[in-house]
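Reading through the C-alpha cells given below for one structure.
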Amino acid sequence: KRYGGTWQRCLFTLGLSWLVSSFPLVVPSAPPQLSVASTSPTDIRLVWQPLTSQHSRGAVTRYRVDYSALDQKDTVFSVELRGNETQFTLRELRPNQVYRLRIAAGTAVGFGVPSEWVQQQTVVLIFAPSELKVRTRVTTLNVTWQPSPNHTLVSGYKLSYREAETDRFTTRDRTPHTHTIRLRKKARHHLLTGLVPDRQYEVRVWAFDKQKDGAAAVWKGRTDKIHGRPSGPSSSPPLPPSSVQATANSSTSVWLRWEKPRFINVRIINYTVRCSPAGTTNASLVSYYTSSSLEILLRGLRPFTHYELAVRSNGVNIAGPFSGTVVEATLPDRPSTPPEELQLRALNSSSVLVSWRPPLEPNGIIVSYRILYTVNLSKPEDEWRNLSEDGGIFSVEVRGLSGGTRYFFKVGASTKVGSGPFSPVVDVQTPLPTYELDIHAVTGIIVGVCLGLICILLCMCFSFRNSKPRSVFTLYACFLF
C-alpha cells in the first residue's frame, strides 16, 4: 500500500513512453504555398497546394488561416478549414484595405509552422460618374458627365446605349442590341449619332480600371420627333479628314495626325477618332477619342498590337462619316505575364524534364527563356542556378542534379526589350540513385575467368597424355599457368 501509487505512476509513464515511441505524435514540417488575390472590393481569395507526404508527416486534417488588417496587426482573426480544402474566400472585408494573411496545416496532433505573412489589398470600389446629362436631338444624343469621386484610380470610361422602348407590342419580336463604346480617362462627353427619331433609349456610363468595371450612371429618354426637314448647305454632314497618318510612339501609344477636309461644307467643331484592335468584331474593344486639333496621342494601348484607326469630322449637332482606315502597330515591350503551365518530371536521380507554355501576354517576339532552380527557397534570386534556352523551345532536360533532393524551379521569358516576370515556383523530388552493374566490366570479368579455366584444362590434358609421370611440382606449375 505504501508504494502502490509509485508503481502505478511508473507503469503509466512506461506505457506512455512506449506509445510515443511506437506512434510518434508529429505536426507538419512545412506550411502550404499560399497564393492570394482580391476578387471584389470586399473579398480576398486564397489558394494553396496540398503538402507532400514528406512535409505533412501524417494525414492533414485541417488548415488554419490567420488574417488581419495591416493597420491593426494586434487584432488577428483565424478561420479553420477541413483538410480536403485547397481554396477559401474571405468575405465582408473593407474595400481598398491592405490585409496580411498566412496559413498553417495541421494533423490530429496540432498545427505546424505557419507560412510567412503575405499582403493583399482589396479591390478599390469605383463609384459611378456624377451629373450624367443627355441633350437630345432627332438622330443624336449628346452625353456629358463629371468624373467619379475616386477618378484618379480609373483607367477610362465605357458608354453603352440601347433602345428601351416600353411598348411590349413593339419589342415582342426583337431584342434590343446594346452598343458599348470605350472612352479615354479624360473624356467628359460623347456624341451618339445615327439614332432613330422619336425612340426611347437607355444610356449608361461607368468607369473602369485594369481589373473591373465600376458602378454605372443611367439615363433614359427619347430622341426628338421630326417636325420638318431642314434645307440648305448646313443640312449635309461634314466631309471626313484627309491624309490620315499613324506613327507608333511607344509600346502603349500611337501618334495620329490628319488634315482638314479638302472641301469645307460645314463648320467643323472637333474630330472623333475611332481606335480598335485590327480584325476585332467585339464592340466593347472599340474606343473613341475627341480632339479639337489635327492630331492626337492615343495612350493606354496594348504593346505589339496592330490597331485600326479612323477619323471623322463633327459639326454642330451633326457628324460626318469616318475616313478610310489606317493600320499601325505599337512597339514591343517586355512580357507582362510569366510563362504558363510550368510542369516538372523527374527522369532519374540526376535529371528533371522542365516544360512550359508561352506567356499569355508576350508583348513581342520571345527571344529566350530563363530557367532558375535551387534547393533552398530562402536564397536570393541571383544565387539560383540558371539555364537559358531559345525562344522557340518549350522544354529542357536539366542534368547534374542530386538524388533524393527537392528542387524548386521557375521560368521567365524575354523579348528584345527585356525580361518579364517569373512563373510561380514549382517543386519536384528527385528519386534516390539506384546502383547498377557495369555490363561491360562484368562481361570482361566473365571472359577473363573463362579463358583462365580453358588454359588450366589444356595444361592438365597435356600432362596426362605424356607417358612419363609428372611430378607434383610440374602439375602445380601447370595449374598456376
Selection count where residues are farther than 18 Å from residue 353 by Cα and among the polar types (S, T, N, Q), scope the stretch 374-417 = 4
Regarding residue 90, is this residue in contact with a Lys or Arg (Cβ under 9 Å, 6 or more places away or on another chain) and without any contact (Cβ under 8 Å) to a residue 60 or more places away in the chain?
-> yes
Based on what the data block shows, is residue 124 modelled with pLDDT under 85 and either crowded, with 17+ Cβ neighbours inside 10 Å or hydroxyl-bearing (Ser, Thr, Tyr) (or both)?
-> yes
Counting only residues that are among the hydroxyl-bearing types (Ser, Thr, Tyr) and assigned to a strand (DSSP E or B), which one in the stretch 345-375 is farthest from the chain's Cα centre (by Cα)?
-> 351
Residue ranges of strands (runs of 3 or more DSSP E) in the stretch 1-110 with at least 2 members at pLDDT 85 or above, of a type in the set (A, V, I, L, M) and within 22 Å of residue 428 (Cα to Cα) | 98-106
For residues in the stretch 399-437 being among the hydrophobic types (A, V, I, L, M, F, W, C) and over 30 Å from residue 330 (Cβ atoms), which is surrounded by the fewest Cβ atoms within 10 Å (Cβ to Cβ)?
-> 437
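The values are calculated or read from the model by the stated rules, or taken from the named source; none is laboratory data. Everything numeric in this text was worked out from a predicted model, so none of it was measured. Because the Cβ atoms are built from the backbone with ideal geometry, glycine has one as well, and the counts that use them run over all protein chains shown.
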